[in-house]
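The values are calculated or read from the model by the stated rules, or taken from the named source; none is laboratory data. Predicted model, so just to flag it, every value in this text is computed and none were measured. Note that each Cβ is placed from the backbone with ideal geometry, even for glycine, and that neighbours are counted across all protein chains shown. Only protein heavy atoms, including side chains, enter the accessible area calculation; ligands, DNA and RNA are left aside. Shrake-Rupley method; radii C 1.70, N 1.55, O 1.52, S 1.80 Å.
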Amino acid sequence: MIQALLTNRFGLKFHRETRDFPVYALVVAKTGLKMKASPPDPPADPADRKSFDMTTSATQTGTTINYGNGMYMTFGNNAFVGRKLPASAMADTLGRFVDRPVVDMTELTGNYDFKLEFAPEDFGAMMMRAAVAAGITLPPEALKLIDASNGDSLFNALETLGLKLEKRKAPIEVLVIDHIEKAPSEN
């Protein structure tokens, strides 16, 4: 709907391209995978299938993203906890806490249960980095805390799962704006 609005009111013209960008590749470490595979679900009756319904809930202790069918990710109490998550979902989530996109290159096909634990100051700095990446303006004191944190805690925590983030270049699809008017057309 927004795309149609921008096209109609602002004369938006765009196309998609694939370009190479710096990324972190999520890979299995040389020490081998240490994450626990989630037990498979029992076969479901097709009549019992539910539509996909992602929900998010937050409390004073953290935030949970529920993807349905027992698959969720929780951020709180200085930890990330995932249940029944594929590596692709983990990579997508990790991209919010680092300075570049994270691309799943693990070649893992199952779903996994995991827990990443952090020191309180590292967890706080990661949450502030995610806020800045989402466009939230933080006070200068908070930005100083981010700068004081070296950011290695996420990399170290992943190693406990037998995973690693490696700097690489990878193709990423981007939206290229060809034309847009500064003022909207009349209603």
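Some points to look at:
- Solvent-accessible surface (1.4 angstrom probe) belonging to E166, in square angstrom, nearest 10: 50 Å²
- Per-residue [θ]222 nm for the chain (sum of -39500 (n - 2.57) over DSSP H runs n ≥ 4, rounded to 500): -7000 deg cm²/dmol
- DSSP beta bridges in the chain [antiparallel fraction, %, rounded to 5]: 95 percent
- Accessible area per residue in Å² at 1.4 Å probe, computed on the chain: 66 Å²
- Ligands, DNA and RNA left out, the 1.4 Å accessible surface of the chain is 54% carbon and sulfur atoms.
- In this calculation the C-beta distance from H179 to T64 is compared with R0 = 45 Å, giving a FRET efficiency of 0.60.
- Taking other residues whose beta carbon is less than 14 angstrom from the beta carbon of G11, and scoring Lys, Arg as +1 and Asp, Glu as -1, yields 0.
- Calculated P(r) over Cα pairs in 10 Å bins from 0, in percent (choose from (1) 9, 36, 40, 14, 1, 0; (2) 8, 27, 30, 23, 11, 2, 0; (3) 9, 39, 41, 11, 0), label: (2)
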